[in-house]
Amino acid sequence: MLLTRLMKKTITSLKGTYAAGIAAGIKTNGKRDLAYIFVPNAYGSACVFTQSAFIAPPLIVTKQALARGTVKALIVNSGNANAATGKSGLKNARETAAIAAKLLGLKAHEVAVSSTGIIGRPLPMDTLRAGLHTLLSNPLQRDGDAAAKAILTTDLTQKEVFASGLVAGKRITIAGFAKGSGMIAPNMATMLGFLVTDAKIDSATLKALLKLAVDDSFNMTSVDTDTSTNDMVMVFSTGETGKKISSTAAKKNFLALLTKACQHLAKLIAADGEGATKLIEVQVVGARNQKDARLIAKNIANSPLVKTAVHGADPNWGRVLAAAGKDPTLKVDPRKVDLTFAGAPIMRGGELVPHDRKKIRKLMSAREIPIRLDLNLGKGSATAWGCDLTHGYVDINVSYN
């Protein structure tokens with residue numbers, strides 16, 4: 001289920017990619033809170049954004065930048081979301097991009113901006129300005145690890161990926177990092193994710209493939225069913241491999257690698273859900289179509305009853321069936337269902353098969369809990385990732401503000 005670290009490398013292991021992170025003082029705990037990614041010779045760039053009506057000003061600035069061409073740098077701060085901050089928030093996001101552009105030798109519309117943290121508080125601009133000058137005093141830093149740390153909020157773990165594969169006869173690499181622990185119920189992707197590839201792939205193609213990869217990764221991840229105002233996933237291409245990805249076969253292979261990288265980060269987010277102790281993987285197959293499969297898988301992963309059962313190692317698999325059947329618009333035939341819960345066969349063709357509750361309880365003590373539901377109605381399939389629901393989630397969110 002959960003992949004091990006694919007390679008012991010970071011985003012700055014890729015040629016032509018620079019990044020770092022510092023403690024600028026936006027957070028009051030002294031931890032890193034300001035990071036950058038710089039791809040001076042970026043061949044392409046693309047991003048997907050939250051669908052929230054309360055989209056944060058940094059995302060508006062980034063959307064506008066991408067509309068003008070290839071973005072070559074990203075500034076991201078944690079500790080303050082710069083969301084629900086009105087005209088001043090938009091002004092501050094634009095100023096952030098302008099300052100960074102000057103320090104990096106770029107145009108303002110070549111710099112993307114991202115923020116994460118508490119909503120509804122103005123950015124401390126004096127602190128941010130000083131931090132940018134410190135952070136970018138040497139734009140060619142190679143400290144991807146520090147950048148990955150600087151974007152964290154309630155996360156307990158860093159979330160990084162470095163994956164390689166053959167695309168059109170060339171070895172292609174995709175590296176990146178993400179953050180996310182609470183407010184995870186994607187309507188795009190409820191978190192921040194930043195990736196760089198050495199593939200030579202243009203912005204339009206990159207955007208189309210990124211959306212597909214996100215749909216099968218971050219958009220199938222849930223911690224608490226809440227979508228944030230600041231969600232975005234961004235990818236840069238350096239073009240270092242030389243051969244442009246343009247054929248249908250090459251695009252398909254690149255998409256597979258990009259999806260693999262995104263799924264790795266998505267699983268790390270689910271496993272690090274606020275207060276979580278277990279990762280839940282829900283696989284739905286045999287659905288009438290993919291849309292049904294996606295919705296049913298997410299209904300199961302989102303169910304508080306399933307989450308609490310998993311947390312308490314309670315072999316109450318009936319909660320899975322209840323969640324799978326709760327939406328009357330989705331086709332489910334109880335007479336055809338096969339269910340495997342925590343690795344134990346429970347139901348075949350809608351009928352119970354002999355199973356040992358004590359054995360299942362023991363299986364549920366594992367860190368990762370697989371659930372597989374075969375509806376036997378068609379060829380639709382989907383996988384969703386979630387986590388258990390614990391008292392720790394309440395404690396974290398009561399103390400966060």
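The values are calculated or read from the model by the stated rules, or taken from the named source; none is laboratory data. Model, not experiment: these values are computed from the prediction. Neighbour counts are summed over all protein chains in view; Cβ atoms, including those assigned to glycine, are modelled from backbone coordinates with ideal geometry.
Exactly one residue out of 301, 293 is within 16 Å of residue 337 (Cα to Cα), in the same structural domain as residue 373 (by TED's automatic domain parsing) and crowded, with 24+ Cβ neighbours inside 10 Å: that is 293.
Here's the yes/no breakdown for (1) over 13 Å from residue 64 (Cα atoms); (2) among the basic types (Lys, Arg):
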| position | (1), (2) |
| --- | --- |
| 96 | yes, no |
| 102 | yes, yes |
| 111 | no, no |
| 120 | yes, no |
| 126 | yes, no |
| 133 | yes, no |
| 136 | yes, no |
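Residues in region 125-184 that are under 14 Å from residue 77 (Cβ atoms) and part of a loop (DSSP other than H, G, I, E, B) were compared, and the one that is modelled with the highest pLDDT is 136.
Annotation note: of 39, 61, 48, the sole residue that is at negative phi, among the β-branched types (Val, Ile, Thr) and touching a Ser or Thr at 6+ places or on another chain (Cβ under 6 Å) is 39. Residues of region 270-297 that are touching a Ser or Thr at 6+ places or on another chain (Cβ under 6 Å) and part of a helix (DSSP H, G or I): 270, 293.
Any idea which residue in region 350-377 is surrounded by the most Cβ atoms within 10 Å (Cβ to Cβ), counting only those that are of a type outside the set (D, E, K, R) and free of Cβ contacts under 8 Å to residues at least 24 places away in the same chain? Filtering region 350-377 for residues that are of a type outside the set (D, E, K, R) and free of Cβ contacts under 8 Å to residues at least 24 places away in the same chain, the one surrounded by the most Cβ atoms within 10 Å (Cβ to Cβ) comes out as 363. Screening residue 361 against (1) modelled with pLDDT of 95 or more; (2) over 23 Å from the mean Cα position of the chain (by Cα) leaves a single unmet condition, (1). Among the residues of region 93-124, those that are small (Gly, Ala, Ser) and at pLDDT below 95 comprise 117, 120. For region 304-331, filtered to residues that are closer than 30 Å to residue 153 by Cα and either hydrophobic (A, V, I, L, M, F, W, C) or assigned by TED's automatic domain parsing to the domain that holds residue 221 (or both), the residue that is surrounded by the fewest Cβ atoms within 10 Å (Cβ to Cβ) is 305.
Cβ separations smaller than 7 Å between residues 6+ apart or across chains give the following pairs from region 86-104 residues that are over 15 Å from residue 129 (Cβ atoms) to residues that are in a helix (DSSP H, G or I): 89/57; 90/57; 90/60. In region 227-264, the residue that is surrounded by the most Cβ atoms within 10 Å (Cβ to Cβ) out of those that are among the aliphatic types (A, V, I, L, M) and in contact with a Gly (Cβ under 6 Å, 6 or more places away or on another chain) is 233.
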